[in-house]
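Visitor: Dumping the structure here so I can ask a few things about it.
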Amino acid sequence: MGGNKSGIRSAARCLCLLGYGRFKTREGPMSEQPPLVRQWTLLRTLCATHYGATVKELADTVGASVKTIRRDLETFQQAGFPLEEIVEDFGRKKWRIDPAKTGPGLSFTFDEAVSLYLARHLLEPLAGTPFWEAAQRAFRKIRATLGAGALKYVERFGEVFYQTMVGVSDYAKQAEIIDQLVLGIEDRRAVFITYQSLQATEPVTYDIYPYGLIYHRGALYVVDWSPDHEEIRHWKVNRIEEAEVTQLPFQRPDDFDLREHLTKSFGVYHGDGQGEVHVKVRFAPAVTRYVSESRWHPSQKLTPQKDGSLVAEFDLGDTEEIKRWVLSFGKHAVVMKPEQLREEITAELATLRDFYQGPGAMSAKGAKS
């Protein structure tokens, strides 16, 4: 039992992050621990122990009374979980989730199956694509494995997590396009695409050598070598009108890695790869905590200032996306370096000011009314 406790506590802390702020692990009091969190931790324990655990051991691990654990075990049995009672010498009883009943063809444990099923909502932005269809087949198998009673109980865990869908792309109508791109990536074959960029008035056709897909801020991008441009490019899948795998093979560089490729990108925009730019931004106290709460880039360096402001530094390959990010903070973010980025933001703000104060502001006001 001892070797599994750190993993159990880690799972418990993850649940705490999903909204159970009062939850404490074994290191602290657990009197205010929500029943759902306690039962999830108990389920993890039952799945993690191969030889089973006594009610007392379970109570010690979860931090609850023996009486409470017995009640939870009865709840699991009523829900239809494959709970197994092992009777040892002198009538000593142990409990575990029967590994033989996690379902035929499933190579993961019962709690892993539950976790995968609960994570299905994360794939909803890809509804209609090959990824979604394959995932749905897996979820159907998991549902059949869990059974109606256990499934109803498990759904309660899903209530602690919700994914917003603001700005998320709908790929239901581009399933065939994504399928062709994935086929090209897997078979190392060129793909013929018809692409409508934001600047062009008409779609243009290209042959691309697809290396992989990126999912960024609710949208898919294909990363490829473009023979027409003689460089690696990113194409937003939303703008691909047609895609067809050709018989032309290509050789993907053995050392190419998507994560490494995006190391200098502040998102998905790759730039021209002409060099590294050091960006330094001062954030006002009003947004310091918000900026500090996230990891925006691998190179980031955040330095708190005496006046409550925060100086953030990044080493990037391009400033296009960080410029939009800085602008999103309005008056609370000021670029200190480089000078060119300061000038670009100044020019953009001047244009915006002219729009609000000039003739365009009156026409916009009229349209609103």
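Visitor: Answer yes or no: is there a residue in region 91-101 that is at pLDDT 75 or above, of a type in the set (V, I, T) and out of contact with any helix residue (DSSP H, G or I) (no Cβ under 7 Å at 6 or more places or on another chain).
Guide: no
Visitor: For the condition of a type in the set (A, V, I, L, M, F, W, C), modelled with pLDDT under 90 and either over 18 Å from A135 (Cα atoms) or outside the structural domain of D98 (by TED's automatic domain parsing) (or both), what is the one hit in A219, A190?
Guide: A219
Visitor: In this structure, does E293 turn out to be within 30 Å of Y206 (Cα to Cα), under 20 Å from the mean Cα position of the chain (by Cα) and at pLDDT 90 or above?
Guide: no
Visitor: Hey, another quick one. Out of (1) touching a Leu at 6+ places or on another chain (Cβ under 9 Å); (2) of a type outside the set (F, W, Y); (3) modelled with pLDDT under 95, the odd one out for E320 is which?
Guide: In the conditions (1) touching a Leu at 6+ places or on another chain (Cβ under 9 Å); (2) of a type outside the set (F, W, Y); (3) modelled with pLDDT under 95, E320 misses (1) alone.
Visitor: List, please: which pairs have Cβ atoms under 6 Å, are six or more places apart or on different chains, and start with a residue in region 95-119 that is closer than 21 Å to T41 by Cβ and in the same structural domain as T75 (by TED's automatic domain parsing) and end with one that is small (G, A, S) and modelled with pLDDT of 75 or more?
Guide: W95/G52; R96/G52
Visitor: If you don't mind, another one. Going through region 211-266 one residue at a time, which ones are outside any loop (DSSP other than H, G, I, E, B), among the acidic types (D, E) and in contact with a strand residue (DSSP E or B) (Cβ under 6 Å, 6 or more places away or on another chain)?
Guide: D224, E241, E242, E244, listed by residue number.
Visitor: Using beta carbons and a limit of 6 Å, which pairs, at least six apart or on different chains, have the first residue in region 308-329 and closer than 18 Å to R295 by Cβ and the second one of a type in the set (K, R) and modelled with pLDDT of 95 or more?
Guide: From region 308-329, the pairs are V311/R282; E313/K280; E313/K301.
Visitor: Filter region 288-310 down to the residues that are of a type outside the set (K, R), in a loop (DSSP other than H, G, I, E, B) and farther than 13 Å from V277 by Cα and list them by number.
Guide: E293, S294, W296, H297, P298, Q305, D307, G308, S309
Visitor: Starting from region 54-79, keep only residues that are within 13 Å of P35 (Cα to Cα), then list their pairs with residues that are modelled with pLDDT under 90 and surrounded by fewer than 17 Cβ atoms within 10 Å (Cβ to Cβ) whose Cβ atoms are within a distance under 6 Å, requiring at least 6 positions of separation or different chains.
Guide: So the pair list comes out as G63/R26.
Visitor: Given the criteria within 22 Å of G149 (Cα to Cα) and modelled with pLDDT under 80, does F76 qualify?
Guide: No: the conditions fail for F76.
Visitor: Can you report the number of residues in region 311-331 which are acidic (D, E) and in a strand (DSSP E or B)?
Guide: 2
Visitor: Of everything in region 230-257, what is within 26 Å of the chain's Cα centre (by Cα), more than 18 Å from S197 (Cβ to Cβ) and either surrounded by 13 or more Cβ atoms within 10 Å (Cβ to Cβ) or assigned by TED's automatic domain parsing to the domain that holds G308 (or both)? Give them in sequence order.
Guide: Answer for region 230-257, where residues must be within 26 Å of the chain's Cα centre (by Cα), more than 18 Å from S197 (Cβ to Cβ) and either surrounded by 13 or more Cβ atoms within 10 Å (Cβ to Cβ) or assigned by TED's automatic domain parsing to the domain that holds G308 (or both): just F256.
The values are calculated or read from the model by the stated rules, or taken from the named source; none is laboratory data. Everything numeric in this text was worked out from a predicted model, so none of it was measured. Note: ideal-geometry Cβ built from the backbone for every residue, glycine included; neighbour counts use all protein chains shown.
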